[in-house]
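Undergrad: Attaching a single structure in structure tokens format; questions to follow.
Derivation of every value follows stated rules applied to the coordinates shown; laboratory data play no part. In this text, all values refer to a predicted model and were calculated from it rather than measured experimentally. Counting neighbours? That spans all protein chains shown, and the Cβs are built from the backbone with ideal geometry, glycine included.
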Amino acid sequence: MARQRLPVKEKRPIRDPVWEQWVKNLKGALPKRALSEEIRGVNALSKWLTSDRSKRPFDYMNNRRAQESYLRYFWPRQSYLVHSLAKRIDQESLILQQLQHQSQQSGVPPNILDVGAGPLSASVALMKLFRDGANFHAIDRSLSMMEMARRNLKTLPWYQGRDIHSFELQKSDFRRFRTQKRFDIIVFGHVLNEALERETINTLSRFLVQYLRLLKPGGLLLITEPATRGASQSLSKLRDLIVDDDFCDAIGMAPQIISPCPKRVQICPYLDTFNGWCFQTFPWGKIAPLSKLREGLGFDDTLLKVSHLALRRAHANEKSVDGVLIDDQSERKRIEGDNTSSVVARIVSGKMHVRSKVHRYLCSDEGAFDFELADPHHALAKAPRGAGITIHEWETL
């Protein structure tokens, strides 16, 4: 079988100078701590973040040392993860490029809403993509962490000396947030997994519809969650509820699925199964100022993982059926001149070795299935989990 190129190739973690510069600047801005203190602080926060919510200290993220530990390690990590995910989604759908094009045509910067913003990780990630400026509106139940993060925005290499981003911080629970503004992008970063401890999937779907209504036509709703089976399957259930035809008729809106589901996948094959779940992986490059801390923590963080759901609000003259937009290639044809880049399958497993051959699970409108590769050096064998396969590549496999 001939080797084929996939849109996103897996790379070994290499030195990343831009993100490395940020960590170096950030380290200089934070109070100096001995390495042993840094390790204890990050370990303690990590235990809180991964523990049962009922067992966490009350309002733990308002603790100054916890905030400092988050900024020291988790802030660059989470921002890099959301940045990488957004880039992959844009490579496959061009949705961010379309929004940037519209912004340039109108002369109006895009409006971005960061829901459950906390330390502004998602805002920082998108700020790096929208280098010409954007208006950010961040909401969270606590102002303290958002304000501490905003004070440290000056450490960002892509922010210094550029007064083109506006930030509005607002104390609000996402369930009770109301506004007359309309947004080009709305991001939920690790919010719904906590909400599911108190809300049902059906209730959350109604909340998400309220946010879909806050999107401008053509706008993007991006939800990220931990790469756990429970979080991934919850997103799949939300996805199925939101794009159901009867549900869309009831709300008078037909959202389009952007990612992770390939086109024409009407029912997630990983729902209610214990054999696997859908998430994406991204290699995290070497960050010299973090190397000793990462080594001391002993975390396996060279490969970052995330579950997600990306939905687009269709224009009034567009028709969507089961989350699939009818003839959604017009903008891509205008930009690229072809329609061969549409994702029709996605890699949903790591590499599996069976009798000297490499196997990968793929997901398409035919469901999830095992694909055998006789050549262990085939691009499909090296591609990261979560990479999309386009129409052209699918036809050549």
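Undergrad: Sorted from largest down, give the three principal axis spans of the alpha carbons of the range 17-338, whole angstrom values.
TA: Result, largest extent first: 59, 46, 36 Å.
Undergrad: Just grab the label-to-label distance for Arg206 and Arg355, each label 7 Å out from Cα along the Cβ direction, in nm (one decimal).
TA: 5.4 nm
Undergrad: Now for a different question. What does the extension gain come out to for Lys32 and Ser106, with contour length at 0.36 nm per residue minus their alpha carbon separation?
TA: Working: separation 74, 0.36 × 74 = 26.64 nm, distance 4.55 nm.
Extending this stretch completely gives an extra 22.1 nm.
Undergrad: OK, next. For Asp244, enumerate residues with amide H under 5 Å from its amide H, sequence gap 5+ or separate chain, H modeled in the peptide plane.
TA: Distant-sequence amide H within range of Asp244: zero hits.
Undergrad: Separate question: Within 10 Å of each candidate Cβ there may be at most 15 other Cβ atoms; applying that plus a DSSP loop requirement, which chymotrypsin sites (Phe, Trp or Tyr not before Pro) in the range 27-136 survive?
TA: Working: sites: Trp48, Phe58, Tyr60, Tyr70, Tyr73, Phe74, Tyr80, Phe130, Phe136; in loops: Phe58, Phe130.
Listed in order of number, the matching sites are Phe58.
Undergrad: Here's a follow-up. What distance in nm lies between label points placed 7 Å from Cα along the C-beta direction at Gln97 and Ala44?
TA: With each label placed 7 Å out from Cα toward Cβ, I get 4.8 nm.
Undergrad: What is the spin-label model distance, in nm, from His392 to Arg64 if the labels are put 7 Å beyond Cα along the C-beta direction?
TA: Reported label-point gap for His392 and Arg64 is 5.7 nm.
Undergrad: Mind checking the range 143-235 for GluC sites (Glu not before Pro) that DSSP puts in a loop (not H, G, I, E or B) and that have at most 13 other Cβ atoms within 10 Å? Don't skip to the answer; put the middle values down first.
TA: Details: sites: Glu147, Glu168, Glu194, Glu197, Glu199; in loops: Glu197, Glu199.
Qualifying residues, ordered by number: Glu197.
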